[in-house]
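Undergrad: Have a look at this one before I ask anything.
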Amino acid sequence: MKTKDEMKLATRIFRISVAVCLAAVAASTAAFYLSQRGSAVVHDTDLYLPTGADYATLLDSLGRSGEKIRQMPKFRNHALLAGLHKGVHPGRYRLKEGMSYGEVIAMLRQGHQTPVRVTFNNIRTLPQLAGAVARQLEPDSASLAALFTSDSAAAAYGFAPAEFLGMFVPNTYEFYWNTSPAGFLARMKKEYDRFWDRERRALLDSVGLSRTEAVTLASIVYEETKMSDEMPTVAGVYMNRLRIGMPLQADPTVKFAVGDFTLRRILNRHLTVDSPYNTYKHTGLPPGPICMPSIRAVDAVLNYRHHKYLYFCAKPDFSGYHVFSATLAGHNRNAQAYARALNEAKIYR
């Protein structure tokens with residue numbers, strides 16, 4: 001039987017052992033969390049994980065130690081403990097200098113992507129739009145173009161194929177990098193409906209145009225002038241022509257019909273092209289927009305300037321501005337002056 005002193009000594013030894021064990025656990029835990037909080041990211045960079053990516057793809061994308069992550073062995077250890085190897089979320093992730101291993105792993109585990117700012121403007125065709133979007137998002141231009149030019153896709157959103165370009169409002173939007181082509185279309189329809197708010201719908205009623213008609217006319221205005229301050233005046237000319245049943249005789253529609261937007265002179269042979277877009281041969285608006293008009297061009301149509309002009313012609317100083325006239329005689333004088341300027345500049349097509 002142990003003496004009282006022996007029992008006291010055993011108790012002290014037990015307490016010391018427990019204390020040592022707890023200290024070891026605390027030190028181990030502290031070391032783990034310190035490593036979690038330690039700076040893991042070498043410098044600000046983007047990490048792209050394609051659709052279908054697995055854990056091996058992730059490690060390959062991070063590269064060797066020191067490329068994106070300071071110590072890849074440490075990252076792999078923490079990633080395995082966190083279960084990151086069980087599943088990877090595709091997308092674009094912004095790795096910021098100073099992020100810890102734990103922060104990086106949590107972001108990847110939870111799929112907290114960093115959105116991409118997608119910008120498109122000055123677009124003339126749906127395949128061109130597909131190319132612009134493909135340079136900024138994961139889907140390739142072929143898959144995007146196949147959907148954008150699909151008659152069934154246009155019909156699903158309430159558009160005729162020739163009108164479908166008008167659903168895309170040029171601007172800058174935030175998307176997840178791995179947004180699908182179908183997801184992109186759905187988002188664009190929401191933005192289109194948001195664009196046509198109550199104020200713009202009221203203006204549509206006042207000018208007597210549908211949304212598609214307004215966008216189609218705006219596309220002509222946009223191709224005629226890039227000068228925002230004269231867009232409403234140009235729109236007013238076309239509204240006057242539509243009102244009296246006069247052909248629009250818009251040169252940009254002829255360029256579209258011919259398939260050559262580089263033309264600087266419209267010749268008589270161009271005016272004979274057989275196309276519903278040739279507004280010299282057909283009255284009224286063409287079947288759809290000839291480009292993706294800017295928001296300013298659309299608003300210029302909705303707020304067109306009321307005047308008596310029926311004609312306009314580019315100024316001979318090549319400033320990009322136009323001179324306007326209410327009579328054919330005045331227009332012919334302006335056209336002759338511009339033709340002389342073209343000849344002097346040796347511009348024959």
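The values are calculated or read from the model by the stated rules, or taken from the named source; none is laboratory data. Quick caveat, the model's predicted, so the values are computed rather than measured. Ideal geometry is used to build each Cβ from the backbone, glycine not excepted, and the neighbour counts take in all protein chains shown.
Undergrad: Out of all the residues in region 62-71, is one or more assigned to a helix (DSSP H, G or I), closer than 30 Å to SER180 by Cβ and either modelled with pLDDT of 50 or more or of a type in the set (Val, Ile, Thr) (or both)?
TA: yes
Undergrad: Moving on to the next point. What's the number of the only condition in (1) closer than 18 Å to ILE123 by Cα; (2) crowded, with 22+ Cβ neighbours inside 10 Å that THR279 fails to meet?
TA: (1)
Undergrad: What helices (runs of 4 or more DSSP H), lying completely within region 257-349, carry at least 2 residues that are within 23 Å of LYS226 (Cβ to Cβ)?
TA: Helices (runs of 4 or more DSSP H) meeting the threshold: 295-302, 328-344.
Undergrad: So MET246 ticks every box in (1) within 30 Å of PRO139 (Cα to Cα); (2) touching a residue at least 40 places away in the same chain (Cβ under 8 Å) but one. Which box is left unticked?
TA: It fails just one condition, (1).
Undergrad: Would a scan of region 294-303 turn up a residue that is over 27 Å from TRP196 (Cα atoms), touching a residue at least 12 places away in the same chain (Cβ under 8 Å) and not polar (S, T, N, Q)? It would help to see each step written out before you state the result.
TA: Initially, region 294-303 is screened for residues over 27 Å from TRP196 (Cα atoms), giving none.
Among the residues of region 294-303, not one is over 27 Å from TRP196 (Cα atoms), touching a residue at least 12 places away in the same chain (Cβ under 8 Å) and not polar (S, T, N, Q), which makes the answer no.
Undergrad: Please go through region 293-349 and pick out each residue that is in contact with a His (Cβ under 6 Å, 6 or more places away or on another chain) and among the aromatic types (Phe, Trp, Tyr).
TA: TYR311, PHE312
Undergrad: Select from region 150-184 the residues that are hydrophobic (A, V, I, L, M, F, W, C) and surrounded by 16 or more Cβ atoms within 10 Å (Cβ to Cβ) and list them in ascending order.
TA: ALA153, ALA154, PHE159, ALA162, PHE164, LEU165, MET167, PHE168, VAL169, PHE175, TRP177, PHE184
Undergrad: Here's a follow-up. For region 77-88, give me the residue count where each residue is crowded, with 17+ Cβ neighbours inside 10 Å, under 17 Å from ALA53 (Cβ atoms) and not aliphatic (A, V, I, L, M).
TA: Counting residues in region 77-88 that are crowded, with 17+ Cβ neighbours inside 10 Å, under 17 Å from ALA53 (Cβ atoms) and not aliphatic (A, V, I, L, M) gives 0.
Per-residue answers, yes or no, for (1) assigned by TED's automatic domain parsing to the domain that holds GLU103; (2) farther than 23 Å from HIS112 by Cα; (3) in contact with a His (Cβ under 6 Å, 6 or more places away or on another chain); (4) modelled with pLDDT of 95 or more:
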| position | (1), (2), (3), (4) |
| --- | --- |
| PHE14 | no, yes, no, no |
| VAL25 | no, yes, no, no |
| TYR33 | no, no, no, no |
| SER39 | no, no, no, no |
| THR51 | yes, no, no, yes |
| THR57 | yes, no, no, yes |
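Undergrad: Quick one: would you say ARG109 is under 16 Å from ALA53 (Cβ atoms) and surrounded by fewer than 18 Cβ atoms within 10 Å (Cβ to Cβ)?
TA: So ARG109 fits the description; yes.
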